[in-house]
Amino acid sequence: MKTIVQYARFFFYTALNWSPWLALFMLYHDIRGALKYGIKTFVPAKLSDLTIINADITKSSPYEAVNYFLLEKLLAAFRRLSPNTSIVDLGCGKGRVMVVAAYFGFTRITGIDFAKELCEEALSNMKKTQAVIPGISWNVIHANVLDYSISPEDTVFFMFNPFVEETLVAFLDQLEESRKRFQRKIYFLYASPEHALALQKRDYKIVFHQSLMNLEGLILAKD
C-alpha cells in the first residue's frame, strides 16, 4: 500500500511540474522495471530519517532511484562502447543500479552509500539477484564516498546526482591520484547530469547522450 501511495504522489507531482505524459512514461517504466527485476526500490527516503555515517547531509541528495528507462539506456549504450564488466555506483541507495547492472553483464559490482538502512536494502536486493545470476561478485559498502579506497580495477562509475558538486570534485581529485598510479580509461555513466561540467573541465568527453522528454543521461570518458 505504501508503494502505491508513493506511485500516486509521484505521478501527480511529475504531472503538475512537468507533464502528464512524462509522469505516465516514468511511472510505466518504474512499474515495469520492478516486475522485471523483482526488487522494490521506488519509495524515496529522507536523509534525516536514516542512519548516516560520517557525512554532512546538507551536501547530499535524498534517496530517489533513477528511472529504469534511463538506467537501461545508459547500460546498454556502455555495453556497445566497452567490454568492461566492473562498475561502482556512487550513492547506491537500495541497489537498483547494482541489480540492473548484473543483468547487463557486469560481474564485479560495487555500491557505496552512507545510509545504513539503504545499504541493508541494497544487500537484500543483491542477494536476490545473485540467486538468479550466480556468477557475479559484488559488495555494498556503508561509507562516505570520500572514504572509499579506489581500486585500480575501478574504471566505470555510475551517478544519479548523489551529492553536491563540491563532493564530486573532491572524489575526482582522489580518482585522478589513482589514475596517476594506475593509468586507465575511466567512464562515468551519469543520469540527470547536473554537474557534468565538473567532469568536462577535467577532460572527460561525452561519448553518449540520451535525451527524451526530461530524462537525460550522459556517458563521459577520459583516456
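The values are calculated or read from the model by the stated rules, or taken from the named source; none is laboratory data. These numbers were taken from a predicted model, which means no experiment stands behind them. Ideal geometry is used to build each Cβ from the backbone, glycine not excepted, and the neighbour counts take in all protein chains shown.
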Exercise for review: Look through the range 26-59, keep the residues that are among the charged types (D, E, K, R) and either surrounded by 15 or more Cβ atoms within 10 Å (Cβ to Cβ) or closer than 17 Å to Glu120 by Cα (or both), and return whichever of them is farthest from the chain's Cα centre (by Cα).
Suggested key: Asp49
Point to revise | In the range 130-178, the residues that are in a helix (DSSP H, G or I), in contact with a His (Cβ under 9 Å, 6 or more places away or on another chain) and touching a residue at least 60 places away in the same chain (Cβ under 8 Å) | key: none
Revision key, fill the gap. Considering residues that are free of Cβ contacts under 8 Å to residues at least 40 places away in the same chain, under 15 Å from the mean Cα position of the chain (by Cα) and within 18 Å of Ile150 (Cα to Cα), the number found within the range 183-211 is 1
Review point. Taking interchain pairs and intrachain pairs at least six residues apart, which have beta carbon atoms under 6 angstrom, with the first residue in the range 95-112 and under 14 Å from Phe160 (Cβ atoms) and the second charged (D, E, K, R) and surrounded by fewer than 24 Cβ atoms within 10 Å (Cβ to Cβ)?
Key: none
Review point. Going through the range 30-61 one residue at a time, which ones are at pLDDT below 85 and either of a type in the set (S, T, N, Q) or assigned to a loop (DSSP other than H, G, I, E, B) (or both)?
Key: Ile53, Asn54, Ala55, Asp56, Thr58, Ser60, Ser61
Practice item. Report the residue count in the range 185-215 for those that are surrounded by fewer than 16 Cβ atoms within 10 Å (Cβ to Cβ) and at positive phi. Key: 2
